[in-house]
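The values are calculated or read from the model by the stated rules, or taken from the named source; none is laboratory data. This one's a predicted model, so the numbers in the text were calculated from it and none came from an experiment. A quick note on method: Cβ atoms are made from the backbone with ideal geometry, for glycine too, and the neighbour counts reach across all protein chains shown. Ligands, DNA and RNA are stripped out before the accessible areas are found, and what is left, the full protein with its side chains, is counted by its heavy atoms. Shrake-Rupley method; radii C 1.70, N 1.55, O 1.52, S 1.80 Å.
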Amino acid sequence: MSAPLPVFDAGSARVLELAAALAIGVGFGWALERAGLASAPKLVGQFYGTDLTVFKVMFTAILVALLGSFWLARLDVLDLARVSVPDTFLLPQLAGGLLFGIGFVVAGLCPGTSCVAAATGRGDGLVAVAGMFCGVLLTGLLFAPLARFYESTGHAAWTLPEALHLPYGVVVGLVVAAGLAGLCAAEWIEGRA
Amino acid sequence: MGRAGRRALAGVALVGGALAPFAGSPYRAQRGRVDVARLAGVVAREEDHVTAVELAQWIKDRKPGLRVIDLRAADAFDAYHVPGSQRVDITTLPTTAFAPAETVVLVSDAGGHAAQGWVFLQALGHRQAYFLRGGIGEWMDDVMSPVAGRQPAPTLTRYFGGAARAEGAPPPRGPRRGGC
């Protein structure tokens with residue numbers, strides 16, 4: 001008798017990977033919800049400079065992940081070479097980012113926060129998730145004419161140290177400085193609003 | 001979290017970021033990056049390898065910055081190697097230091113390992129790297145003991161102390177063949 005899902009036939013390692021992904025996803029969603037990021041007005045507030053919670057949460061996450069991965073690797077706890085870095089496709093990702101930003105402003109939710117909003121029973125979250133799945137389906141159906149653009153300007157896994165020709169540690173220092181300056185600026189802007 | 005807690009976390013981040021430039025690379029081993037399209041162009045233009053005769057000419061001309069790296073096993077290297085070459089194990093090739101101005105030629109038994117080592121060096125940014133196309137076998141066949149009447153470069157054969165051999169005769173002395 002086979003398992004109900006074919007993927008479970010791949011072995012216990014795959015099941016563990018899926019379980020870990022589920023736990024991380026639930027934890028991420030819980031953190032987003034606790035930060036108040038299931039609310040569309042709160043998210044859109046960053047575009048009007050009235051509520052920069054999203055900006056602060058995301059930059060804090062970037063700094064924690066950056067410093068955590070750097071120092072854990074430096075202390076030989078984490079092997080950075082085994083951390084998957086997605087490939088860079090410059091123009092397609094710029095176009096995707098622009099489309100993502102437009103969708104973010106229009107819906108007031110991004111993919112992660114729309115799932116959180118849907119899980120908390122919010123109607124706008126359910127609509128945003130449905131729209132996201134429709135978009136994925138549409139892209140899949142229209143992929144053939146888009147494939148050439150999708151695969152253009154490939155740079156493999158292009159990281160900031162490689163793009164800037166700077167040592168990894170220097171880039172970490174610069175990003176931390178920029179992140180902390182951004183967080184201070186966000187507090188100042190919120191204080192004026 | 002209160003203002004004091006946020007300031008404490010910002011302080012930790014600041015210290016971590018300030019020390020990072022002096023902490024060295026976080027990677028356990030040197031990590032290269034391959035521009036596949038560029039490599040494909042280099043291979044298509046046959047600019048990735050040298051022939052045995054070309055290498056012999058470079059050695060004879062004392063080409064500035066030339067460094068011949070032999071990737072074969074120690075016993076094979078001890079039995080015979082290209083004059084002036086240096087033995088490096090392929091596992092330590094990625095961490096071997098090469099000056100930017102050096103022209104590196106990799107040698108292996110039949111060219112396979114040398115071609116793979118060439119990819120490693122390209123990924124690590126050593127663009128002036130080549131491999132001996134047919135390996136040490138081509139060096140023996142074309143430079144050290146070419147067939148009489150079909151010598152590609154008789155002066156080079158004489159220069160390196162080789163001698164032509166009769167048609168059908170095996171090479172008088174040579175390394176074990178059949179490896180990569």
Checklist line | Residues satisfying the stated conditions in the range A:65-82, i.e. aliphatic (A, V, I, L, M), open to solvent by 30 Å² or more (accessible area, probe 1.4 Å) and either closer than 21 Å to A:CYS115 by Cβ or in a helix (DSSP H, G or I) (or both) | finding: A:ALA65, A:LEU66, A:LEU72, A:ALA81
Notebook entry, point to check: Among the residues of the range A:50-64 satisfying the criterion of being without any contact (Cβ under 8 Å) to a residue 12 or more places away in the chain and within 12 Å of the chain's Cα centre (by Cα), which is least open to solvent (accessible area, probe 1.4 Å)?
Noted result: A:ALA61
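Of all the helices (runs of 4 or more DSSP H) wholly in the range A:109-158, which have at least 2 residues that are touching a Pro at 6+ places or on another chain (Cβ under 9 Å) and without any contact (Cβ under 8 Å) to a residue 40 or more places away in the chain? Explain how you work it out, then say what you get.
Working: elements: A:111-119, A:123-141, A:143-150.
Once the helices (runs of 4 or more DSSP H) in the range A:109-158 are filtered for at least 2 residues that are touching a Pro at 6+ places or on another chain (Cβ under 9 Å) and without any contact (Cβ under 8 Å) to a residue 40 or more places away in the chain, what remains is A:123-141.
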Item checked: Residue that is exposed (fewer than 12 other Cβ atoms within 10 Å of the Cβ), free of Cβ contacts under 8 Å to residues at least 40 places away in the same chain, within 26 Å of B:LEU124 (Cβ to Cβ) and within 12 Å of another protein chain (Cβ to nearest Cβ), where the choices are B:ALA44, B:ALA37, B:ALA23 -> B:ALA37
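Name the residue, out of B:GLY84, B:GLY125, B:GLY162, B:GLY135, that is exposed (fewer than 14 other Cβ atoms within 10 Å of the Cβ) and either touching an Asp or Glu at 6+ places or on another chain (Cβ under 7 Å) or farther than 26 Å from B:ALA40 by Cα (or both). If you could, list the steps in order and put the result at the bottom.
Working: B:GLY125 fails: either touching an Asp or Glu at 6+ places or on another chain (Cβ under 7 Å) or farther than 26 Å from B:ALA40 by Cα (or both); B:GLY162 fails: exposed (fewer than 14 other Cβ atoms within 10 Å of the Cβ); B:GLY135 fails: exposed (fewer than 14 other Cβ atoms within 10 Å of the Cβ).
Every option except B:GLY84 fails the conditions.
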Checklist line | Breaking point among (1) in contact with a helix residue (DSSP H, G or I) (Cβ under 7 Å, 6 or more places away or on another chain); (2) closer than 17 Å to B:TRP58 by Cβ, for B:CYS180 | finding: (2)
Check: Which condition number in (1) closer than 27 Å to A:PHE55 by Cβ; (2) at pLDDT below 90; (3) away from chain B (no Cβ under 14 Å) is the one that A:PHE149 fails?
Finding: (1)
